[in-house]
Each structure stands twice: as C-alpha cells, then as structure tokens.
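*Asks:* Handing you this structure, nothing more for now.
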Amino acid sequence: MTTTDEDAPDEFMQILGLELSRTKVKAIKDAGYVDVEALSKVTLDEIIDIKGISKKLAQEIYYALHLAEEPQPAESKDEIVPEEWQTEKSEDEIMLEKGLELHSQGKWGQALQIINDMLEKDVLNTGALMAKAKIYLDREKYQMAVDTYDQITEINPEMDGPWVGKGEALMAMDQKVRAMSCFKKALALNPANEIAQEKLGEEDRLPTSVDGLDELLEGGIPAKHVVLICGRAGSMKSSFSYYVLHKLSEKQGRKTVYMSLEQSRQSLLKHMRKLGLKKDTKNMMVSDMDDLVVVDMAALRKESSSDTIDNINWPNSIINQLRSYKESFGCDAVVIDSLSALYSLTTFKNPRSELFFFFEKLRDIGVTVFLISEMCGENQNQFGQYGVEEFLADGIIHIKTEEYANRANLFLGVVKMRETNHPRDYFPLIVDQFGFGIVKD
Amino acid sequence: MDRSVEEKMMNFMKPMFGDMARKTIENQKEKLNLTRGELTYEQYAKIVDSIYTLCMKMAGAAIADKMRNGLLQILDENRTGR
C-alpha cells in the first residue's frame with residue numbers, strides 16, 4: 001500500500017483507531033516512514049527509536065499494525081508470548097512515561113508536576129530526577145539542572161548519565177573546564193558513553209590552571225597544539241610551563257613530560273619546590289610520580305663526547321624520543337626547554353624548511369607541545385630566533401617583563417591561539433603561594 | 001650472549017635516549033671496560049645497572065625502575081633463547 005506524502009498523515013491517523021496527533025505523524029514521517037506499509041515492516045525497537053514517540057505509544061502502534069499478532073490472554077501454559085508484551089510496567093514507569101510524553105509535547109508544567117509527585121513518594125527515584133533534570137536542561141534552567149544532576153550522582157555515584165547531563169548544562173553556562181571534567185567522569189564510569197566521547201573529541205582542551213587564563217582560552221589550550229611560551233630571560237617561562245604540566249598531572253591525571261635540554265633536573269626541581277609545586281602529603285615532588293616526568297637531556301649530553309653530540313640530529317632525535325616515549329609510557333603534553341638550547345645543538349642548512357618539518361613532526365606525534373622560546377631580535381620582540389616559529393606554531397603565549405617602580409612586573413598575553421577566540425590584551429601575571437594567575441579588570 | 005641483544009636494548013631505551021640510545025650503551029661499555037669480545041649475561045647486567053644510574057639522574061626513580069626492569073627482561077629472554 002503506497003500513498004503520496006499529502007495523504008499519508010490521514011492514513012497514519014487511521015491506524016486502527018489510534019488517535020495520532022499531527023505532531024506524532026510528522027515525527028514518524030520525519031523518521032523516514034512515508035506510509036503505513038513502511039512502518040508495518042519495522043520492529044518494535046525501531047518504532048521506539050523514533051524521536052518524539054514514547055515507548056508506550058510505540059507499542060500501541062506496533063500492536064495496531066500487527067493485530068493478528070497481538071497477544072491474547074494465554075489459553076495454555078505452552079503459548080509463547082513475546083517478552084515485551086509480557087512485561088508489566090510498574091506504576092512508576094507508567095507515570096514517568098506519561099511525564100516524558102508531556103515533556104515531549106512541550107507541556108513542561110504538567111510533566112514537572114507528575115515527576116514532582118513521584119519524587120514526593122520517593123526522593124531517591126533517580127529515573128524521576130533524571131527526567132526532571134532533563135526538563136530543566138531543555139528549558140535552559142541550567143543551574144537547576146546542574147543541582148538536580150548533582151543530587152543523582154550523590155544517590156548513585158556509578159551512573160554516567162547525570163555526568164553527561166551536568167556537562168551539557170555547564171557547557172551551556174560557558175563553564176567548559178568543568179563541563180569537560182564531567183564528560184571525562186562519565187567516560188571513566190562508562191567508556192562506551194558515546195555522547196561523552198563525542199563531546200571530549202570535539203573540545204579536548206588542556207586547562208592551564210593559571211587563574212583567569214582558561215576562561216580567556218575557552219577552557220584551555222586545544223589538545224595537540226604546538227605552543228610557544230615566549231619571553232625574555234627571567235620572565236618565568238620555565239616555571240610557568242612546569243606549573244601547567246604539574247596541574248595537568250595533579251588535577252587531570254594527564255601524563256606529561258618536561259624535557260630540559262640545559263638546566264639539570266635537580267636544579268629545576270629545586271626551583272619548582274620553592275614555588276610550592278610539590279605533593280602535600282609525603283613532601284614528594286609531583287615529578288616523582290609517573291604522571292609528570294622531568295627528563296634531563298643535559299645529563300645525557302654530559303655523558304657523551306662532543307663528537308657524538310655533534311653527530312646527532314637533535315630535532316629528529318627529540319621527535320623519535322617523544323614518539324617512542326608516547327608509545328611506551330603514554331603522554332598528553334610535553335614541554336621542550338628550550339628552543340634556544342636545541343638551536344645551539346643544531347646547525348640548520350635551511351632553517352625555514354627544517355623548522356617547518358620539525359613543527360609538523362611534533363604535531364604528528366599527537367601530544368600538546370609547549371616550546372619555550374627566548375625572545376630575539378633587535379628589540380627582543382621576535383618570538384623565535386629564525387622569525388618563522390611564530391607562523392609555524394599553533395599558539396603563542398607571551399610573558400613580558402615591564403619595569404615599574406624599580407620592580408620587574410610580569411604581564412601575560414595570548415598573542416595567538418588557533419581554534420580559539422581570545423582577547424589580545426596583556427594582563428598582569430601574579431605568582432604567589434596559590435600558583436599563577438592573571439589579573440583581569 | 002649474542003650481540004643482537006643490544007639492538008633490542010637500544011629499541012627499548014629510545015623513549016628516554018632517542019637517537020642517543022646506541023651511543024649510551026657504548027658509553028657504558030667503555031666506562032665499565034667491557035669493550036672486547038662477546039659479553040656475558042652478568043656483564044650486560046652491569047651495563048643495565050649503569051644505565052639505571054644514568055636514568056635516575058635523567059628522569060627519576062619511576063622511569064629508571066621501568067628502564068632497568070625492561071632491560072633485565074630483555075637479557076633474561078635472550079639468555080633463555082625465548
């Protein structure tokens with residue numbers, strides 16, 4: 001039986017006396033079922049999957065289309081009845097379906113009333129709370145949605161759904177860092193959670209944890225970017241970069257590597273300890289954990305003769321090392337300290353071309369790379385020695401020093417960050433016992 | 001022991017030593033005066049200890065332990081012909 005699009009709705013409306021609204025008929029048609037014949041060929045699950053059709057209505061449609069198969073009261077014990085027809089719904093399930101049906105029809109108030117009635121009977125009804133939170137989310141009452149999702153996770157910490165919902169609400173509230181950590185939590189609870197996977201894939205950013213900076217960067221630095229951290233000597237580039245890795249490992253469990261080409265590991269860690277970057281409990285450096293490893297390439301250089309060092313292609317060696325490191329131990333972010341030190345070990349025949357390949361290979365490794373770079377040029381306003389680094393990098397964070405009242409004050413500016421809308425202002429950079437932070441108006 | 005074990009050790013050391021891995025093994029051999037002839041398991045184990053010490057200096061205990069355990073496993077596998 002086939003019909004044209006114009007008369008199909010009438011045909012749907014006449015499915016064995018079911019009073020299907022035009023909205024429902026449209027939902028069925030939108031799902032690709034142009035006539036009753038097409039709909040009669042699909043399974044119950046496929047009808048349930050139609051957006052805007054509740055499970056109960058789907059069952060009614062399915063039974064109506066398969067009248068001959070409709071279950072009759074069992075006359076004998078041997079009669080086989082499909083499982084879905086045998087299941088008796090609880091009162092709660094029926095109420096919840098009714099609430100969701102009203103919600104899908106846009107009748108928020110009535111839907112909430114039903115759900116609140118259910119919660120009055122049982123405040124721990126996570127199904128009802130999920131429905132309530134979803135209604136808040138759809139009505140753009142984001143904080144109320146977050147609060148409701150929090151209630152659910154308190155009741156059942158093992159559910160991944162509320163973390164996804166909370167993440168969506170926080171995204172809508174422009175709190176991307178918190179939202180991402182919710183999606184991560186959902187994924188930790190259920191690695192197959194497709195929404196969490198999708199959200200994290202779309203928006204994986206590495207928060208710097210520098211107070212005020214992540215808000216400017218839409219949540220952090222996009223994953224797998226190659227970012228220059230630039231400044232003159234004494235502008236705390238190394239400390240800033242170490243701090244970012246330290247926080248990534250401490251707060252997010254990200255695996256990170258700090259590769260020092262000049263400063264010794266011991267000296268670097270001593271300095272970081274003075275900045276308060278250590279584990280509180282056992283007075284142990286975070287770098288003693290697996291998650292943040294400081295690799296002292298200077299120690300390796302000291303081990304070898306100058307002939308050996310001269311014969312090594314250091315940019316390639318670092319690429320090979322990072323690639324192997326990532327394969328063996330895992331790695332999300334790396335700091336290379338510094339580009340100037342790398343240049344001192346390398347003789348470039350064609351710097352533009354060789355640096356282009358170096359940056360491309362770094363990007364191909366698939367980790368976020370922070371390259372510490374000394375400002376160069378006549379007025380020290382060039383972000384790299386060869387003047388091409390700023391074009392090759394995905395991002396540039398510039399820490400500049402300005403003298404004021406006999407004091408060298410630090411200012412931080414995001415000069416460039418691909419895939420990110422960010423202001424280009426310079427903000428005072430504060431370093432105190434709480435860590436790094438920028439001061440905004 | 002068969003010198004092919006050094007190739008396996010070198011590959012295992014790449015995450016920490018990059019292209020310097022081969023040279024690092026040679027350096028340790030020179031330090032320990034083990035440059036002549038085929039080396040025994042015990043002599044290779046001394047080289048591993050030396051690499052462990054260097055790794056401690058370079059990257060701390062966690063990585064140094066991983067490096068030593070991995071290298072000793074390579075030696076063991078090579079000794080038993082697995």
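*Asks:* From the P(r) of segment A:152-311, could you give the percentage of C-alpha pairs in the tail past 20 Å?
*Replies:* For segment A:152-311, the fraction of Cα-Cα distances above 20 Å is 60 percent.
*Asks:* From zero outward in steps of 5 Å, how is the percent of C-alpha pairs of segment A:374-441 spread across the bins?
*Replies:* P(r) for segment A:374-441, in whole percents per bin: 4, 15, 20, 24, 19, 13, 5, 1.
*Asks:* Taking the square root of 5 times each eigenvalue of the Cα gyration tensor, what semi-axes in Å does the equivalent ellipsoid of segment A:125-205 have, largest first? Numbers along the way, then the final one.
*Replies:* Details: eigenvalues 68, 46, 18 Å².
Rounded to whole Å, the semi-axes are 18, 15, 9.
*Asks:* Dividing the convex hull volume of the Cα atoms of segment A:311-410 by its residue count, what figure in Å³ per residue is obtained?
*Replies:* That works out to 122 Å³ per residue.
*Asks:* Something else now. Nearest 500 deg cm²/dmol is fine: what mean residue ellipticity at 222 nm does chain A get from its DSSP H runs of n ≥ 4 alone, each adding -39,500 (n - 2.57), divided by its residue count?
*Replies:* -14000 deg cm²/dmol, from helical runs alone.
*Asks:* Add +1 for every Lys or Arg and -1 for every Asp or Glu among the other residues with Cβ under 12 Å from the Cβ of A:Pro162, and state the total.
*Replies:* Local charge sum for A:Pro162: -2.
*Asks:* Then there is this: For the interface of chains B and A, what total accessible area is buried with a 1.4 Å probe, rounded to the nearest 100 Å²?
*Replies:* That pair of chains buries around 1900 Å² in total.
*Asks:* Enter the accessible area of A:Ser238 (Å², nearest 10), with the probe set to 1.4 Å and all protein chains included.
*Replies:* 30
*Asks:* Could I ask something else about it? Once label points are set 7 Å from the Cα along Cα→Cβ at both B:Arg3 and B:Arg79, what is their separation, rounded to one decimal in nm?
*Replies:* 2.2
*Asks:* If you add up the charges near A:Pro423, with Lys and Arg at +1 and Asp and Glu at -1, over every other residue whose beta carbon is less than 14 angstrom from its beta carbon, what do you get?
*Replies:* -2
*Asks:* Oh, and also: Label-point separation (nm) for A:Arg232 and A:Glu158, each offset 7 Å from Cα along Cα-to-Cβ?
*Replies:* 6.0
*Asks:* Right, something else. Helix A:314-329 against the longest principal axis of chain A: what's the angle in degrees, Cα atoms only, rounded to the nearest 10?
*Replies:* The two axes meet at around 40 degrees.
*Asks:* Considering all alpha-carbon pairs of chain B, what whole percent are spaced by more than 21 angstrom?
*Replies:* For chain B, the share of Cα pairs beyond 21 Å comes to 19 percent.
*Asks:* For chain A, which whole-number percentage of the solvent-accessible area (1.4 Å probe, protein heavy atoms only) is attributable to carbon and sulfur atoms? If you can, show how the numbers build up before the last one.
*Replies:* Working: 10780 of 22710 Å².
The C+S portion of the solvent-accessible surface of chain A is 47 percent.
*Asks:* So with the 1.4 Å probe, I'd like the accessible area per residue for the protein assembly as shown, rounded to whole Å². Write out the running numbers ahead of the final one.
*Replies:* Details: 26820 Å² over 523 residues.
Accessible area per residue: 51 Å².
*Asks:* Segment A:179-271: Rg/Rh from Cα coordinates, Kirkwood Rh?
*Replies:* Here the Rg-to-Rh quotient is 1.04.
*Asks:* Ok, one more. Length gain on complete extension for the stretch A:Ser353 to A:Gln266, per 0.36 nm per residue less the alpha carbon to alpha carbon distance?
*Replies:* 27.8 nm
*Asks:* Here's a follow-up. Let me understand the protein assembly as shown better: what is its radius of gyration from the alpha carbons, and its Dmax, in angstrom?
*Replies:* 31.5, 98
*Asks:* Which FRET efficiency value, to the nearest 0.05, is calculated for A:Ser306 and A:Gln197 with the Förster distance at 45 angstrom and r the Cβ-Cβ distance?
*Replies:* Values: r = 50 Å, r/R0 = 1.11.
Given R0 = 45 Å and the Cβ-Cβ separation, E is 0.35.
*Asks:* Next up: Would you mind checking the pairs A:Lys251/B:Lys8; A:Lys270/A:Lys361; A:Lys270/B:Lys14; B:Lys29/B:Lys57; A:Lys51/A:Lys255 and listing those with alpha carbons more than 30 angstrom apart?
*Replies:* Pairs exceeding 30 Å: A:Lys251/B:Lys8; A:Lys270/A:Lys361; A:Lys51/A:Lys255.
*Asks:* Quick one: work out the % antiparallel among DSSP beta bridges in the protein assembly as shown, nearest 5.
*Replies:* The antiparallel proportion sits near 45 percent.
*Asks:* For A:Trp163, A:Trp314, A:Trp108, give the ranking by accessible area with the largest first, probe 1.4 Å. Please list the in-between numbers first.
*Replies:* Working: A:Trp163 45, A:Trp314 0, A:Trp108 80 Å².
The ordering from most to least exposed comes out as A:Trp108, A:Trp163, A:Trp314.
*Asks:* With every protein chain in place, what's the accessible area of A:Thr43 (1.4 Å probe, Å², nearest 10)?
*Replies:* Roughly 70 Å² of A:Thr43 is accessible to a 1.4 Å probe.
*Asks:* What is the helix-to-structure angle for A:108-121, meaning the angle in degrees between its Cα long axis and the longest Cα principal axis of chain A, kept from 0 to 90 and rounded to the nearest 10?
*Replies:* Long axis of A:108-121 versus the principal axis of chain A: about 90 degrees.
*Asks:* How much solvent-accessible surface does A:Ile50 expose, in Å² to the nearest 10, with a 1.4 Å probe and all protein chains in place?
*Replies:* Counting only protein heavy atoms, the figure is 10 Å².
*Asks:* Can you give me the Cα centroid spacing of segment A:105-180 and segment B:1-64 in angstrom?
*Replies:* Here the answer is 57 Å between Cα centres.
*Asks:* Short version: which residues of segment A:296-326 lose at least 20 Å² of accessible area, all chains versus chain alone, 1.4 Å probe?
*Replies:* A:Asp296, A:Ala299, A:Leu300, A:Glu303, A:Ser304, A:Thr308, A:Ile312, A:Ser317, A:Asn320, A:Gln321, A:Ser324, A:Tyr325
*Asks:* While we're looking at this one, here's another question. How far is helix A:351-365 tilted off the main Cα axis of chain A, in degrees rounded to 10, range 0 to 90?
*Replies:* Orientation of helix A:351-365: about 40 degrees from the principal axis.
*Asks:* Run the numbers on chain A and let me know its relative contact order in percent, using alpha-carbon pairs under 8 Å that are six or more apart.
*Replies:* 12
The values are calculated or read from the model by the stated rules, or taken from the named source; none is laboratory data. What you see is a predicted model; the values in this text were computed from it and never measured. Reconstructed Cβ throughout: ideal geometry from the backbone, glycine too, with neighbour counts over all protein chains shown. Heads up: the accessible areas ignore ligands, DNA and RNA and are worked out on the full protein's heavy atoms, side chains in. Shrake-Rupley method; radii C 1.70, N 1.55, O 1.52, S 1.80 Å.
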